[in-house]
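Step one of this worksheet: look at the structure below.
The values are calculated or read from the model by the stated rules, or taken from the named source; none is laboratory data. Given the structure is predicted, the values throughout are model-derived calculations rather than measurements. Reconstructed Cβ throughout: ideal geometry from the backbone, glycine too, with neighbour counts over all protein chains shown.
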Amino acid sequence: MLDNVKHIILILSGKGGVGKSTISTQLSLTLKDKGLKVGLLDIDLCGPSIPYLLQLEGQDVHQSEGGWVPVYTDEEKKLAVMSIGFLLNNRNASVVWRGPKKTAMVKQFLTDVCWGNLDYLIIDTPPGTSDEHITIMENLKGVKCDGAIIVTTPQQVAIEDVRKEITFCKKTGIPVIGIIENMSGFVCPTCTECTNIFSKGGGKSLSELVKVPLLGTLPIDPRVGNLRAKSCVTELPDSPSAKVFTDIVDILNIPKD
């Protein structure tokens with residue numbers, strides 16, 4: 001039920017393990033801290049990590065006359081979350097499904113969740129360009145999707161996979177808002193010096209190649225990883241990560257408090 005959702009943003013990458021869920025979570029928390037009503041939909045069916053990142057593991061999803069009621073992170077109901085992680089018996093349970101069943105679940109997430117009035121819906125997707133992604137596009141045909149934020153890491157092998165995701169966006173008509181280079185160096189928690197472990201500049205070179213804006217580079221920062229359900233913009237306002245998410249908010253034309 002997306003009729004009352006003003007803006008929809010997809011978080012995509014052709015590569016697994018690049019940090020899409022962390023970026024989806026931090027972007028959602030940043031929007032919430034700006035006073036907006038936000039929904040976060042986790043359609044990574046085989047690796048749902050959003051409940052863990054938001055400390056919502058063990059929460060139940062309830063059925064209403066209008067559909068599933070999402071789990072809220074706060075009493076003000078500013079951030080609503082839906083994930084298959086809420087439907088599993090425990091965090092060790094695995095989803096062993098073929099394509100049709102996965103497709104049906106994604107469709108149900110997009111059509112049968114009572115999101116209510118939302119300013120933004122952030123959709124955290126699995127890696128690749130297959131069943132789940134095609135189902136998303138089929139169900140968003142009648143709804144305005146603002147576009148996708150593409151996540152990569154600096155290594156060349158990641159860049160090659162992420163290029164396929166951008167091709168997918170072009171073929172399916174998804175506007176690309178920009179690229180984020182994640183894990184761009186390591187920030188020492190003691191001295192805050194940044195060391196380039198993997199390499200750097202892959203996101204910039206990709207953005208120049210495909211003519212898509214580079215939204216920013218996010219280093220590996222243990223302080224951000226330890227926040228768990230808190231926005232780095234609020235908790236670590238001077239961190240490189242906070243600057244990137246603040247810049248994204250500006251690009252999305254969201255007024256600051």
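Suppose the filter is buried (at least 17 other Cβ atoms within 10 Å of the Cβ), part of a strand (DSSP E or B) and small (Gly, Ala, Ser); does Ala148 pass it? Taking the combined requirement at face value, the residue satisfies it. The residues of segment 15-36 that are assigned to a loop (DSSP other than H, G, I, E, B), modelled with pLDDT of 90 or more and either crowded, with 23+ Cβ neighbours inside 10 Å or within 16 Å of the chain's Cα centre (by Cα) (or both), listed by number, are Val18, Gly19.
Would it be correct to say that Val95 is in contact with a Cys (Cβ under 7 Å, 6 or more places away or on another chain), surrounded by 15 or more Cβ atoms within 10 Å (Cβ to Cβ), over 29 Å from Thr217 (Cβ atoms) and among the aliphatic types (A, V, I, L, M)? Against the criterion (in contact with a Cys (Cβ under 7 Å, 6 or more places away or on another chain), surrounded by 15 or more Cβ atoms within 10 Å (Cβ to Cβ), over 29 Å from Thr217 (Cβ atoms) and among the aliphatic types (A, V, I, L, M)), Val95 qualifies. Exactly one residue out of Gly203, Gly178, Gly185 is assigned to a strand (DSSP E or B) and more than 17 Å from the chain's Cα centre (by Cα): that is Gly185. When segment 140-156 is filtered for residues that are at negative phi and touching a residue at least 60 places away in the same chain (Cβ under 8 Å), the ones remaining, listed by number, are Leu140, Val143, Lys144, Cys145, Asp146, Ala148, Ile149, Ile150, Val151, Thr152, Thr153. Taking the numbered list (1) under 30 Å from Thr135 (Cα atoms); (2) surrounded by fewer than 16 Cβ atoms within 10 Å (Cβ to Cβ); (3) in contact with a Leu (Cβ under 6 Å, 6 or more places away or on another chain) in turn, Arg223 passes all entries but (1).
Name every residue in segment 236-255 that is over 19 Å from Ile122 (Cβ atoms) and surrounded by 13 or more Cβ atoms within 10 Å (Cβ to Cβ), in order of residue number. Leu236, Ser239, Pro240, Lys243 - these are the residues of segment 236-255 that are over 19 Å from Ile122 (Cβ atoms) and surrounded by 13 or more Cβ atoms within 10 Å (Cβ to Cβ).
Within segment 53-112, the set of residues being in a helix (DSSP H, G or I), over 20 Å from Val5 (Cα atoms), without any contact (Cβ under 8 Å) to a residue 60 or more places away in the chain and in contact with a helix residue (DSSP H, G or I) (Cβ under 9 Å, 6 or more places away or on another chain) comprises Ile84, Gly85, Phe86, Gly99, Pro100, Lys102, Thr103, Ala104.
Search segment 175-192 for residues being modelled with pLDDT under 90 and crowded, with 16+ Cβ neighbours inside 10 Å, and hand back the single one that is nearest to Ser13 (Cα to Cα). Per the stated criteria, the residue is Ser184.
Inspect segment 222-237 for any residue being part of a loop (DSSP other than H, G, I, E, B) and either over 15 Å from Gln26 (Cβ atoms) or among the acidic types (Asp, Glu) (or both) and give the result as yes or no. No. Would you please name the residue that is modelled with the lowest pLDDT, looking only at residues in segment 196-220 that are surrounded by 14 or more Cβ atoms within 10 Å (Cβ to Cβ) and under 24 Å from Leu53 (Cβ atoms)? Among those residues, the one meeting the criterion is Phe198.
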